[in-house]
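Everything below concerns the one structure shown next.
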Amino acid sequence: MKKLFCTFITLLSTVAAFCQTTQNEEDSLMVWEDFVEWIEETNEEEDGVDEELMEQLYELHANPLDLNEIKKEDLMVLPFLNEEQIGEIVRYVEKNRPVVSLGELMFVSGLGQKAREMLRLFVTVEAKPSLKKDETEKLSLRELLKYGKNEAVWRSDIPFYRKAGYEKVSAEVLKKSPNKVY
């Protein structure tokens, strides 16, 4: 009965895994027009959207900020981010600098999908030139291990018991049943 239950649960989990679909990334990204519509919908003022703010946001959209060099004051302009989200973005960038893609925004806690899509309109990640050959030759192994992002993984598969197929079997038993050993 346990085997049947485990098999049933396994089949249910695989069905759920196959039901997931991928979305075309270009279709899901927000564009400037969508952002303007969102601003107009969420604006509670009767006299319309603040023109000065919209000009400032458009300028920021036309000249996006480098995420690796962003400051808290730069993000305070964005109306869709609160102070907690701005603090989390700045902390993440400081901790994990250099950020290599905007996809890393997924790892910022408290930042939802909608906020990430809108943030993509105003920030970018500049490609930093890699270390030159002369600079890499100067690094010692000790410095690479100390300052590099390294990870060591080790796995062992040692049983703590002796398997039945490896036990010593007499010649008489082997004659009767030759498949007694592995």
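Computed from the coordinates by the stated procedures, all read-outs in this text should not be read as laboratory data. Model, not experiment: these values are computed from the prediction. In this analysis, Cβ positions are derived from the backbone assuming ideal geometry, glycine residues included, and neighbour counts consider all displayed protein chains.
With a 10 Å Cβ neighbour count serving as the proxy for reagent exposure, in which order, fewest first, do MET76, MET54, MET118 appear? Don't jump to the answer; show the numbers that get you there.
Working: MET76 11, MET54 14, MET118 19.
Arranged by neighbour count, lowest to highest, MET76, MET54, MET118 become MET76, MET54, MET118.
Students often get this wrong, so check it: of LYS3/LYS175; LYS71/LYS138; LYS72/LYS114; LYS3/LYS163; LYS72/LYS149, which have C-alpha atoms separated by over 30 Å? Show your work: numbers first, answer last.
Numbers: LYS3/LYS175 36 Å; LYS71/LYS138 32 Å; LYS72/LYS114 20 Å; LYS3/LYS163 23 Å; LYS72/LYS149 26 Å.
Correct reply: LYS3/LYS175; LYS71/LYS138.
Give the long-range amide H neighbours of ASP66: residues separated by 5 or more places, or on another chain, with amide H under 5 Å away, using H modelled in the peptide plane at 1.01 Å from N.
THR124
Considering the dipole of region 47-116 built from charges on the beta carbon (Lys and Arg +1, Asp and Glu -1) around the Cα centre, which of ALA62, ASN96, VAL77 is farthest to its positive end?
So the residue furthest toward the plus end is ASN96.
Of the GluC sites (Glu not before Pro) in region 136-167, which ones lie in a loop per DSSP and count no more than 10 other C-beta atoms within 10 Å?
On the way: sites: GLU137, GLU143, GLU151, GLU167; in loops: GLU151, GLU167.
Counting only loop positions with at most 10 other Cβ atoms within 10 Å, the GluC sites (Glu not before Pro) in region 136-167 are GLU151, GLU167.
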